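The values are calculated or read from the model by the stated rules, or taken from the named source; none is laboratory data. What you are looking at is a predicted structure, and each value in this text was computed from that prediction instead of being measured. All Cβ positions, glycine included, derive from the backbone under ideal geometry; neighbour counts span all protein chains shown. We work out accessible area using only protein heavy atoms, side chains counted, and drop any ligands, DNA or RNA first. Shrake-Rupley method; radii C 1.70, N 1.55, O 1.52, S 1.80 Å.
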Amino acid sequence: MTKITTKLLLRIASGIMLLHAIGHTMAIFTWQKPNGKIPADVIHKMQESHFFFGGEDATMAGFFSGHGYTGTIFLLLIVSILWTISGWTEKRATKILWLAGLSILALASVELIYFFPLAVILSLFAGLLVFLSIFKLNKTK
């Protein structure tokens, strides 16, 4: 039987967050094509209503898309951090893992309030794997 290592735990967490990033990116490209008249009307208003923000002409649709792209960048950053640190065996890795794990759990909290269960489950599971890897790293040193 294969021993579950810190490297394996973090690579699984990284893979889960990559799936999350892929789903998030797919949603960015499809959110402006809703099913139903009411969502279509709301999106139309988001695209048509212009206002100035920071000296720039903006729309709510632009803000929404921009936040989506920002979220994908955050998710991909987490993926790369977890994958990179998975190869570290030094105790100093736990300092970064604490920050990554807390960020992922904070993301899960926001998703619980504003989004849907699959997003929460992905983030929660990845966050728990990160904290399990911290426990394993601390136990070995």
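So here's what we get for this one:
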| read-out | value |
| --- | --- |
| Test item: Cα-centred dipole of the chain, Lys/Arg +1 and Asp/Glu -1 on Cβ, debye | 1020 debye |
| Against the rule of thumb 2.2 N^0.38 Å, how large the Cα Rg of the chain comes out | 1.29 |
| Accessible area in square angstrom per residue, the stretch 52-108, 1.4 angstrom probe | 60 Å² |
| Reachable aspartates and glutamates, given that their alpha-carbon falls under 18 Å from the alpha-carbon of LYS45 and they are not under 8 places away in the same chain | ASP57 |
| Anchor LYS136: lysines whose Cα lies under 26 Å away (excluding residues fewer than 8 positions away in-chain) | LYS3, LYS7, LYS91, LYS95 |
| Residues of type aspartates and glutamates that LYS33 reaches as a straight line, Cα spacing below 17 Å, ignoring anything fewer than 8 places off in the same chain | ASP41, GLU48 |
| Loop-located GluC sites (Glu not before Pro) in the stretch 56-122 whose Cβ has at most 15 other Cβ within 10 Å (DSSP) | GLU90 |
